[in-house]
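The next block holds one structure in the form of structure tokens; read it before the comments.
The values are calculated or read from the model by the stated rules, or taken from the named source; none is laboratory data. Since this is a predicted model, take the numbers as computed values, not measurements. FYI the Cβ positions are ideal-geometry reconstructions off the backbone, even for glycines, and counts take in every protein chain you see.
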Amino acid sequence: MPETTPTGLTRLAFGGDYNPEQWPETVWHEDVRLMREAGVTMVSVGIFSWALLEPSPGKYDFGWLDRLLDLLHENGIRADLGTPTVVPPVWFYREHPEALPVAADGTRYEFGSRGAICHSNTDYRAVAANITTKLAERYAGHPALAMWHVHNEYGVPVSACYCDSCAAHFRRWLAATYGTVDAVNEAWGTAFWGQRYTDFDQINPPRVAPTVGNPGQALDYKRFADATMRENFVAERDILHHLAPGVPVTTNFMTALSQCDSVDYWAWGREVDIVTNDHYLITDGRRTHVNLAMAADLTRSVAGGAPWLLLEHSTSGINWQPHNPAKAPGQMARNSLAHVARGSEGAMFFQWRQSRRGAEKFHSAMVPHAGTESRVWREVVELGASLDSLSTIRGTRTQADVAVLWDWHSWWAQNLAWRPSEDHDARERADAFYEALYDRHLTVDFAHPEADLSACPLVVVPALYSMTEAAGNNVREYVENGGTLVVSYFSGIVDEHDAVHEGPYPGALRDVLGLTVEEFSPLLPGESVRITGPDGSELTGDVWTEFVVPREAETVWTYADGPAAGHPAVTRHRLGEGSAWYVSTRLDAQGLDALLGWAADDAGVAPRVDLPRDVEVVRRVGESGTYLFAINHSSSDAKVPLEGPGTELLTGERAAGRLVVGAGAVRVVRLDG
Ligand code: GLA
Ligand code: ZN
């Protein structure tokens, strides 16, 4: 069995992508000296090095990598060794131009960037297997080897290829999935618009067409593209497992929903030995630390609650957004430790030394252009020491309070064309509900809609347009057995083929919610509605309203105006031992807080009224103890009540009563006992 933590690593992972091929070897010695100064424990190497390792077909140059790995080992630094299969060398493309991927409009991408791969291409698969085999044969026993880093960020920049080999592969995938072409016709509803097929050979990828294509086809193509990338990952992983038994294999995910939307991480999480994630702060005006917390919680959930590893983030600014602010003093440590609080076994960066050339030269690094006489470097050294003081935390698990249901397949279905309103955005609702839970200081586990929910007192469904019947039964049983459920509108509408569940909406959730929805009536941009509660108080909604007909559910809030005036806006259904809440409009932050407050009362989830806004308190618990992380993202000092005395690990000081956490600071208390 492969290990589930980097082999030979006895401290938290701290380091970054190390691309020394950009520098003369004299610089390497300076690099490892600085790595030691900063307390670097592991670096990721070779991710983009195929052209150097195999400069022409079948001719290899491993000398430089031998010297590099030896140097790292001599300096006690572990290596996360890449298979460079995200960037085949140019010679490969000149021999096999058909391995370059094709866009939906027929454009064939050129060489000269990265990730230009048709994952169905058999020549690509053969050379990828070959270089992986060569690397595994050479380095399986290397003492620096801690884990394998397969490929890089599957799913970006190309999420699907629409070429002829992919068309053929798609047909094989459909045949294996459905058995008969009639089953495909049935699933996709090809009776509509006369799209019926009589042979698998007639089916193509959903290429650019005069108007909206078949939604079932589009959805299955996303599934196919995801499965095809996973096939290639599994092929490399199996070679590595075979030739380097015991060494864990990972590939870096991007679970932040804004950073990769084409990969079903529930499925990928089951295939890797260690879940690793890349996270970059998106500066869109919202609180970046909330997005970070959400991505970290989602990553941990994909790992099934087990520790995972932040494989990339940035020391300061990135360079691929329209505007890329530098991180404020202390923000890098805050970001790093926020990932650790939520289960990461360290903090790694892209990249070690800032490039002078190439596309990412303005992306920050651990060793910036400014050199070591810089704030970034001083903070890097400080972070290394902080992580060192947290070594005993390895293997402990983050404790969550509530669960949010999330499913990439539903998100894909939701994002298909021609919906009741383009202003309803599943991710926006997921973000908004997450933020409301964050502001109530609750730690979130994400769960697949068919997962066992019995341990969660409160389950939130922000936007689950597509739900299988099994998922519907799952949440119903959860409520019957005493759970509290909160569902937001346009959930449970279609099945896994984007076919509307039979009967009135919301087919998969009718029973558990105790209501039906007769019709949707989305609002126009700028419009909003008022809803009134039992005590006369008022909230506002926008984007969506609908005509809810309560059956067994009670009406809690009612539309005071708008198209659904007089209809229920918020309902509660007491079912079995539990209750199920439903909200049929888009609530703002205040509304969500109120709704979650009532539901939390039902669930017996106590509010953390003792914590100020933007002060994050998260616990990791395990054999080595209970660790309380207090992260102050605000600009004023805060006091965090401790349930008992302990030792603050970053300073070594004793802590008890109310822990003072300075503005922007982080404190980690290991509680006594
Ligand atoms: C991604 C990639 C890295 C680098 C960083 C920073 O996460 O994996 O190679 O490009 O983004 O932009
Ligand atoms: Zn292709």
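Residue count for the range 413-432 under the criterion of being outside any loop (DSSP other than H, G, I, E, B) and either buried (at least 23 other Cβ atoms within 10 Å of the Cβ) or over 21 Å from the mean Cα position of the chain (by Cα) (or both): the result is 5. Applying the condition of being among the hydroxyl-bearing types (Ser, Thr, Tyr) and part of a strand (DSSP E or B) to the range 520-549 and asking which residue is farthest from the chain's Cα centre (by Cα) yields Thr532.
Number of residues in the range 352-376 that are without any contact (Cβ under 8 Å) to a residue 60 or more places away in the chain and away from ligand 1 (no atom under 14 Å from the Cβ) equals 7.
Answer yes if at least one residue in the range 488-495 is touching a residue at least 12 places away in the same chain (Cβ under 8 Å) and part of a strand (DSSP E or B), and no otherwise. Yes, the range 488-495 contains a residue that is touching a residue at least 12 places away in the same chain (Cβ under 8 Å) and part of a strand (DSSP E or B). Just one of the listed residues (Arg67, Arg11) is of a type in the set (Lys, Arg) and over 25 Å from the mean Cα position of the chain (by Cα), namely Arg67.
Take Val234 and decide whether it is hydrophobic (A, V, I, L, M, F, W, C), touching a Leu at 6+ places or on another chain (Cβ under 6 Å) and more than 28 Å from Val402 (Cβ to Cβ). Answer is no for this residue. Considered as a group, the residues in the range 266-303 that are outside any loop (DSSP other than H, G, I, E, B), of a type in the set (Val, Ile, Thr) and surrounded by fewer than 24 Cβ atoms within 10 Å (Cβ to Cβ) include one that is farthest from ligand 1 (Cβ to nearest atom), and that residue is Val290. Counting the residues of the range 89-106 that are away from ligand 2 (no atom under 13 Å from the Cβ) and either free of Cβ contacts under 8 Å to residues at least 40 places away in the same chain or touching a strand residue (DSSP E or B) at 6+ places or on another chain (Cβ under 8 Å) (or both) gives 7.
Restricting attention to the range 420-447, the residues that are among the basic types (Lys, Arg) and in contact with a strand residue (DSSP E or B) (Cβ under 7 Å, 6 or more places away or on another chain) add up to 1.
Just one of the listed residues (Ala499, Ala508) is small (Gly, Ala, Ser), buried (at least 24 other Cβ atoms within 10 Å of the Cβ) and either in contact (Cβ under 8 Å) with a residue 24 or more places away in the chain or closer than 17 Å to Arg586 by Cβ (or both), namely Ala508. All conditions in (1) among the aliphatic types (A, V, I, L, M); (2) part of a strand (DSSP E or B); (3) buried (at least 24 other Cβ atoms within 10 Å of the Cβ) hold for Val517, with the sole exception of (3). Considering only the range 550-560, I want to know if a residue exists there that is at pLDDT 95 or above, under 33 Å from the mean Cα position of the chain (by Cα) and surrounded by 24 or more Cβ atoms within 10 Å (Cβ to Cβ). Looking for residues that are at pLDDT 95 or above, under 33 Å from the mean Cα position of the chain (by Cα) and surrounded by 24 or more Cβ atoms within 10 Å (Cβ to Cβ), one finds none in the range 550-560, hence no.
Residues checked against (1) in a strand (DSSP E or B); (2) within 24 Å of Asn252 (Cβ to Cβ):
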{"position": "Thr4", "(1), (2)": "no, yes"}
{"position": "Phe14", "(1), (2)": "yes, yes"}
{"position": "Glu30", "(1), (2)": "no, no"}
{"position": "Arg33", "(1), (2)": "no, no"}
{"position": "Glu37", "(1), (2)": "no, no"}
{"position": "Val40", "(1), (2)": "no, yes"}
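The single condition among (1) part of a helix (DSSP H, G or I); (2) within 13 Å of ligand 2 (Cβ to nearest atom) that Pro205 does not meet is (1). Evaluation of Tyr109 against the conditions (1) surrounded by fewer than 20 Cβ atoms within 10 Å (Cβ to Cβ); (2) within 16 Å of ligand 2 (Cβ to nearest atom); (3) in contact (Cβ under 8 Å) with a residue 60 or more places away in the chain shows that the sole unmet condition is (3). The residue that is surrounded by the most Cβ atoms within 10 Å (Cβ to Cβ), among those in the range 112-122 that are within 16 Å of ligand 1 (Cβ to nearest atom) and of a type in the set (A, V, I, L, M, F, W, C), is Ile117. Looking at the range 162-184, is at least one residue closer than 30 Å to Glu312 by Cβ, more than 16 Å from ligand 1 (Cβ to nearest atom) and touching a strand residue (DSSP E or B) at 6+ places or on another chain (Cβ under 6 Å)? Taking every residue of the range 162-184 in turn, at least one turns out to be closer than 30 Å to Glu312 by Cβ, more than 16 Å from ligand 1 (Cβ to nearest atom) and touching a strand residue (DSSP E or B) at 6+ places or on another chain (Cβ under 6 Å). Note on the range 369-412: residues that are more than 24 Å from the chain's Cα centre (by Cα), part of a loop (DSSP other than H, G, I, E, B) and surrounded by fewer than 20 Cβ atoms within 10 Å (Cβ to Cβ) total 6.
How many residues does the range 123-150 hold that are within 22 Å of Pro57 (Cα to Cα) and away from ligand 2 (no atom under 16 Å from the Cβ)? Of the residues in that region, 12 qualify.
Of all residues in the range 625-655, count the ones that are assigned to a loop (DSSP other than H, G, I, E, B), over 28 Å from the mean Cα position of the chain (by Cα) and within 24 Å of Asp401 (Cβ to Cβ). The number of residues fulfilling the criteria is 5.
Scanning the range 23-56 for residues that are over 20 Å from Leu135 (Cβ atoms) and either within 16 Å of ligand 1 (Cβ to nearest atom) or within 27 Å of the chain's Cα centre (by Cα) (or both) yields Val40, Thr41. Look at (1) farther than 20 Å from Val272 by Cβ; (2) in contact (Cβ under 8 Å) with a residue 24 or more places away in the chain; (3) not in a loop (DSSP other than H, G, I, E, B) and you find that Ala128 fails only one, number (1).
Only one of the listed residues (Leu81, Leu72) is crowded, with 20+ Cβ neighbours inside 10 Å and assigned to a strand (DSSP E or B). That residue is Leu81. Only one of the numbered conditions (1) out of contact with any Ser or Thr (no Cβ under 6 Å at 6 or more places or on another chain); (2) in a helix (DSSP H, G or I); (3) away from ligand 2 (no atom under 16 Å from the Cβ) is violated by Asn232, and that is (3). State the number of residues belonging to the range 304-359 that are outside any loop (DSSP other than H, G, I, E, B) and not aliphatic (A, V, I, L, M). Residues flagged as outside any loop (DSSP other than H, G, I, E, B) and not aliphatic (A, V, I, L, M) within the range 304-359 amount to 12. If you go through the range 169-180 and keep only what is more than 9 Å from ligand 2 (Cβ to nearest atom) and either assigned to a loop (DSSP other than H, G, I, E, B) or in contact (Cβ under 8 Å) with a residue 40 or more places away in the chain (or both), you end up with Phe170, Trp173, Leu174, Thr177, Gly179, Thr180.
Among residues of the range 40-69 that are farther than 16 Å from Gln22 by Cα, those with a Cβ under 6 angstrom from a residue that is of a type in the set (Phe, Trp, Tyr) and in a loop (DSSP other than H, G, I, E, B), sequence gap 6+ or separate chain, pair up as Glu54/Tyr60. Please find, within the range 3-58, the residue that is nearest to Lys361 (Cα to Cα) out of those that are of a type in the set (Val, Ile, Thr) and surrounded by fewer than 20 Cβ atoms within 10 Å (Cβ to Cβ). Per the stated criteria, the residue is Val27. Residues to consider are Arg574, Arg613, Arg608, Arg620; find the one that is closer than 30 Å to Val340 by Cβ, modelled with pLDDT of 95 or more and surrounded by fewer than 22 Cβ atoms within 10 Å (Cβ to Cβ). Criteria check complete, one pass: Arg613.
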